[in-house]
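Below: the structure, in structure tokens.
The values are calculated or read from the model by the stated rules, or taken from the named source; none is laboratory data. Just so you know, these numbers come straight off a predicted model, no measurement behind them. Quick reminder, even Gly has a Cβ in these numbers, built from the backbone with ideal geometry, and neighbours come from all protein chains shown. Note: accessible area is taken over every heavy atom of the protein model, side chains too, but ligands, DNA and RNA are not part of it. Shrake-Rupley method; radii C 1.70, N 1.55, O 1.52, S 1.80 Å.
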Amino acid sequence: MIAISAAEIRESFRAVDGPDVQALVQVATNLLCSPLVEQLEAELGKPVLAVNTATAWAAQVPPAASSRRR
């Protein structure tokens, strides 16, 4: 496994950010990004979603609520 530092993760988000970007989503489940989300949102001024956090949240949504999202 390759170790990626928090600094490298932050730099990657900065590299893909731009004025036309409305939100940033991290989609690699082996990359622990959740601890950096709050800092990145404050720095970049837009939503930053970590896939592991989003997946855990979706798993807790009651089935009736998830069917309304479709």
Query raised in the report: Which of the residues that make up the range 17-38 are open to solvent by 90 Å² or more (accessible area, probe 1.4 Å) and not in a loop (DSSP other than H, G, I, E, B)?
Result: 35, 38
Requested in this report: Return the total of residues in the range 1-30 being farther than 18 Å from residue 43 by Cβ and under 10 Å from the mean Cα position of the chain (by Cα).
Outcome: 2
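Hey, could you check the range 1-16 for residues that are more than 13 Å from residue 49 (Cβ to Cβ) and touching a Leu at 6+ places or on another chain (Cβ under 9 Å) and say which is surrounded by the fewest Cβ atoms within 10 Å (Cβ to Cβ)? Before you say what the answer is, go through the steps one by one.
Residues of the range 1-16 that are more than 13 Å from residue 49 (Cβ to Cβ), as a first pass: 1-12, 14-16.
Narrowing the set further to residues that are touching a Leu at 6+ places or on another chain (Cβ under 9 Å) leaves 4, 6, 9-10, 14, 16.
On the way: 4: 14, 6: 12, 9: 19, 10: 16, 14: 13, 16: 8.
Per the stated criteria, the residue is 16.
In the range 39-51, which residues are open to solvent by less than 60 Å² (accessible area, probe 1.4 Å), out of contact with any helix residue (DSSP H, G or I) (no Cβ under 6 Å at 6 or more places or on another chain) and over 18 Å from residue 19 (Cα atoms)?
If we filter the range 39-51 for residues that are open to solvent by less than 60 Å² (accessible area, probe 1.4 Å), which is where we start, we get 40, 44, 46, 48, 50-51.
Pick out the ones that are also out of contact with any helix residue (DSSP H, G or I) (no Cβ under 6 Å at 6 or more places or on another chain) and you get 44, 46, 51.
Of everything in the range 39-51, just one residue is open to solvent by less than 60 Å² (accessible area, probe 1.4 Å), out of contact with any helix residue (DSSP H, G or I) (no Cβ under 6 Å at 6 or more places or on another chain) and over 18 Å from residue 19 (Cα atoms), namely 51.
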